[in-house]
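All remarks here apply to the structure that follows.
Read-outs: derived from the displayed coordinates by stated rules, not from any lab. Bear in mind that the values here come from a model prediction, so they are computed numbers and not experimental data. With ideal geometry, Cβ positions are generated from the backbone for all residues, glycine too; neighbour counts draw on all protein chains shown.
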């Protein structure tokens, strides 16, 4: 009997070992693609939430993230060292580094995505894949397919994670229709040289005094990821990079990208993007509406909200920012903006889904400004409430203050999940008047969405004053020259309500000029 049990146990162990081997041994597809078949492999890589989505639909869109990801910070560091050794100008060095970062990202994606794309092409012909899109800013693909295809992709050794294509909401702003406009006499510094209508918030950050020095953002390109921009608006039309000196549209695809609807010219059916762009660079030609911090800057834009969006659309828009694409499909990192405004965000806490994008922007010397976020019924605010991606270490977050330099009740607060002070800085975000679709202007807009564009405008002023400034240097200048703000809750500065305080354009620009 003992012998019989021993034989039985040995046979059982042998069968278990054989089964285990079959779960991890390679299986080869028709195209030669290698699948590491096994339920444990699939469950380890695929989000449980994503599996549930297939209960309601035969085809689901999801993101496939590959294991091989570029360390853009390291690539940029070595590129800067090479540029320094070649003794080229600081501005040329920044462009050289950007090109190196983009080429590294593209090369990695091209080499590592080939097996995945070959399999997806085969399954398109079989009807199991509706569509897919490749990204390089994050080495990933967005795929719409059946559950069988997802399971096969999960077994590929190149694949790291498969995640849902999450829905993201635009930060909602409150528009107070009864808000009273602040008069010019109350808002404008008497020592500043100003046109007839400078908004209180523009004066509050001391932009007019900088304009008096001949610095208004000229030569700098700003951008936003938003709901689009009404390019025909009198405050914005002549500043769109897609128009030449005669007002004719030239190569619009290099200065505008609609990742939602594919519109060929800038448009905005919501108003949020036109309002935020106005605060960055808006002013009409006769000087009666100075609504922007850097009215001399040129702008480009990406529509990613209409009014909600998904992760794949935000990745698509973020990638275009890094390297605008011409009508022939060629990428142009040399035409990327100097700074990008992100008046949007998700929930609080640790969520790194957009971190590779912010890292790539920084490595390419594109300043990544994010609004800290507004309170909602799911995020009532308080300590640690600052939204992602604003709470990422690589993002520069802006909180909102009112005309009395008090923290807005809706402005989300730090610290970040990484233990860092957030937001880094504050700017006016209550009762903001700016451009809106229809060629008009509207005040009473409240939100950190309205605060962030002030920081973007300041970056433009600084880069005109000193084009060689890196992203790290720009952050230091803005933070170190801010007016410290405290209150009964935040008694020292910097703090997790106001950050380093209210941005001061005059002090910031003077610091780099001196």
Which three extents, in whole angstrom, do the alpha-carbon atoms of segment 315-463 cover along their principal axes, largest first?
48, 41, 30
Can you compute the modelled spin-label distance between residue 334 and residue 57, with each label point 7 Å from Cα toward Cβ, in nm?
4.1
If you average 1/r across every pair of different Cα atoms in the chain and take the reciprocal, what Kirkwood value do you get, in Å?
24.2
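Only bridges with both residues in the chain count here: give the DSSP antiparallel percent, nearest 5. Write out the running numbers ahead of the final one.
Details: 36 of 63 bridges.
Rounded to the nearest five, the antiparallel share is 55 percent.
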Both in Å, the radius of gyration and Dmax of the C-alpha trace of segment 23-165 are 18.4, 60
Label zone at residue 47, where the point sits 7 Å out along the Cα-to-Cβ direction: segment 388-410 residues whose backbone N lies under 19 Å:
388-392
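At 1.002 mPa s and 20 °C, plugging the Kirkwood radius over alpha-carbon pairs of segment 79-230 into Stokes-Einstein gives what diffusion coefficient in µm²/s? Write down the numbers at each step before the final one.
Details: Rh = 21.5 Å.
Answer from the Stokes-Einstein relation: 99 µm²/s.
Please compute the Kirkwood hydrodynamic radius of segment 304-362 from all pairs of different C-alpha atoms, in Å with one decimal.
Computed over Cα pairs of segment 304-362, the Kirkwood hydrodynamic radius comes out at 12.8 Å.
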Length-normalised contact order of the chain, Cα under 8 Å, at least 6 apart, in percent, tallies to 15
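I need the calculated FRET efficiency for the pair residue 169 and residue 264, taking r as the beta carbon distance and R₀ as 22 Å, to the nearest 0.05.
Details: r = 27 Å, r/R0 = 1.21.
Working from the Cβ atoms, E equals 0.25.
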Most to least packed among 328-336, 448-456, 404-412 [average Cβ atoms within 10 Å]
448-456, 404-412, 328-336
Sorted on mean Cβ neighbours within 10 Å (highest first), peptides 430-439, 123-132 come out as 430-439, 123-132
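Relative contact order of segment 320-412, please, whole-number percent, based on alpha carbon pairs below 8 angstrom and at least 6 residues apart.
Numbers: 157 pairs, mean separation 25.8, N = 93.
This gives 28 percent for segment 320-412.
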